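The values are calculated or read from the model by the stated rules, or taken from the named source; none is laboratory data. On a predicted model such as this, the values are computed, not experimentally measured, just so you know. Here the Cβ is made from the backbone with ideal geometry for all residues, glycine too, and neighbour counts use every protein chain on show.
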Amino acid sequence: MVDMITVASAIAGFAPALALMFFTLNKYTFPTVKKPFFDDRKVFAFFALGIVLGMIMFAFESWGQMMSTVETILALIVGFAVMEELFKLIILNFPRFQRKVDTAFYGLSLGLGISATFTFATIFASAVGVENLQAVDMIAYSLLGIQLVLLHGATTTLIGVGVARGEVKGHFIEALLIHLGYNLLMVPFFMFDIVEPPLNLIGLAAASVVVIYAYAKIYRESLPNLVEDSIRGLKKRR
């Protein structure tokens, strides 16, 4: 049973992350464009780094949840969101990555790497503790995993775009607000002993809207606008 949960959790974590990375990056690399906007090797290096960071973040959050009480849970929710986004900012804001268009794409792969292992660990830890685990439970956990993939993919890309543009503060704040909004909206869903179903599903639905909107924005606006501005800047220098 544990082996099945492990495989299902790994698929739920890594499959959407890798699929979303291919879907998002496909139009910025060969053969869609003659000259890719990023280095494939660095994309996978950042994804691997994200995998490690995802486990570290999960360990911190698990420890915090064990130590938390009803009175401190909101403080921890805010604190972990700030900590996670700062981790991302510290990595992406190294001088060698500043004001370079490819940093945004490395931010995306970093965030998706984080989400892959964070989702895997979250689903596995939750599912192992459930007696008589049903298929519907794994579907619910998988949907939660997709939320996390969208969340970390969007927020880390936003920070990467900010670093690439030299506008770190505004983009970091936007990423942090998205993360905080998601975390706070998910509180009623997990506190089902206080907020009874189906009312707790309202928070789940609202949190889903937040992460879908955030990812749609970076896919449709943030990345295309950054690339267009980069091309325009190159033409002016010529």
Quiz prompt | Residue check, Phe38 outside any helix (DSSP H, G or I) and modelled with pLDDT of 95 or more | solution = yes
Practice problem: Select from region 113-127 the residues that are aliphatic (A, V, I, L, M) and out of contact with any His (no Cβ under 7 Å at 6 or more places or on another chain) and write down the one among them that is surrounded by the fewest Cβ atoms within 10 Å (Cβ to Cβ). | Solution: Ala125
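Is there a residue being of a type in the set (A, V, I, L, M) and at pLDDT 80 or above anywhere in region 132-143? Explain how you work it out, then say what you get.
Of the residues in region 132-143, the ones of a type in the set (A, V, I, L, M) are 133, 135-136, 138-140, 143.
Going one step further and asking which of them are at pLDDT 80 or above, we end up with 143.
Taking every residue of region 132-143 in turn, at least one turns out to be of a type in the set (A, V, I, L, M) and at pLDDT 80 or above.
On the basis of being under 20 Å from the mean Cα position of the chain (by Cα), closer than 29 Å to Leu184 by Cβ and surrounded by 13 or more Cβ atoms within 10 Å (Cβ to Cβ), does Phe60 make the cut?
Numbers: under 20 Å from the mean Cα position of the chain (by Cα): yes; closer than 29 Å to Leu184 by Cβ: yes; surrounded by 13 or more Cβ atoms within 10 Å (Cβ to Cβ): yes.
Against the criterion (under 20 Å from the mean Cα position of the chain (by Cα), closer than 29 Å to Leu184 by Cβ and surrounded by 13 or more Cβ atoms within 10 Å (Cβ to Cβ)), Phe60 qualifies.
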Exercise. Output the qualifying pairs, or none if there are none: Cβ atoms under 9 angstrom, residues six or more apart or on different chains, first residue in region 196-222 and more than 14 Å from Leu144 (Cβ to Cβ) and of a type outside the set (Phe, Trp, Tyr), second residue at pLDDT below 95 and surrounded by fewer than 18 Cβ atoms within 10 Å (Cβ to Cβ).
Key: Ile202/Val195
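Counting just the residues of region 224-238 that are of a type in the set (A, V, I, L, M) and out of contact with any helix residue (DSSP H, G or I) (no Cβ under 6 Å at 6 or more places or on another chain), which one comes out modelled with the lowest pLDDT? Show your work before the answer.
To start, the set of residues in region 224-238 that are of a type in the set (A, V, I, L, M) comprises 226-227, 231, 234.
Applying the additional criterion that residues be out of contact with any helix residue (DSSP H, G or I) (no Cβ under 6 Å at 6 or more places or on another chain) yields 227, 231, 234.
Working: Val227: 95, Ile231: 87, Leu234: 52.
Here the answer is Leu234.
Please find, within region 223-235, the residue that is nearest to Leu151 (Cα to Cα) out of those that are of a type in the set (A, V, I, L, M) and loosely packed, with under 13 Cβ neighbours inside 10 Å. Before you say what the answer is, go through the steps one by one.
Kept after step one, since they are of a type in the set (A, V, I, L, M), are these residues of region 223-235: 223, 226-227, 231, 234.
In the following step, the residues that additionally are loosely packed, with under 13 Cβ neighbours inside 10 Å were identified as 231, 234.
On the way: Ile231: 28, Leu234: 32 Å.
Filtering first and then ranking leaves Ile231.
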Quiz item: For Val52, which of the numbered conditions (1) modelled with pLDDT of 95 or more; (2) among the aliphatic types (A, V, I, L, M); (3) surrounded by 13 or more Cβ atoms within 10 Å (Cβ to Cβ) fails to hold?
Solution: (3)
Self-check item: Residue check, Gly54 within 23 Å of Leu144 (Cβ to Cβ) and either in contact with a Gly (Cβ under 6 Å, 6 or more places away or on another chain) or polar (S, T, N, Q) (or both)
Solution: no
Quiz item: Do we have any residue at all in region 64-86 that's within 20 Å of Tyr219 (Cα to Cα) and of a type in the set (Ser, Thr, Tyr)?
Solution: no
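Listed here are the residues, each with its yes/no results for (1) of a type in the set (Val, Ile, Thr); (2) more than 18 Å from Gly160 (Cβ to Cβ); (3) modelled with pLDDT of 95 or more.
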residue: Leu18; (1), (2), (3): no, yes, yes
residue: Pro31; (1), (2), (3): no, yes, no
residue: Lys42; (1), (2), (3): no, no, yes
residue: Trp63; (1), (2), (3): no, yes, no
residue: Ala75; (1), (2), (3): no, yes, no
residue: Gly79; (1), (2), (3): no, yes, no
residue: Ile90; (1), (2), (3): yes, no, yes
residue: Gln98; (1), (2), (3): no, no, yes
Exercise. Kindly establish whether Lys100 is surrounded by 14 or more Cβ atoms within 10 Å (Cβ to Cβ), of a type in the set (D, E, K, R) and over 25 Å from Leu177 (Cα atoms).
Key: no
Self-check item: Filtered residues of region 108-149 (kept if in contact (Cβ under 8 Å) with a residue 60 or more places away in the chain and small (Gly, Ala, Ser))
Solution: Ser109, Gly111, Gly113, Ser115, Ala116, Ala121, Ala125, Ala127, Ser142, Gly145
Quiz item: Does any residue in region 161-187 that is under 17 Å from Ile202 (Cα atoms) come within less than 9 Å, Cβ to Cβ, of a residue that is of a type in the set (Phe, Trp, Tyr) six or more places away or on a different chain, and which pairs are these?
Solution: Asn183/Phe80
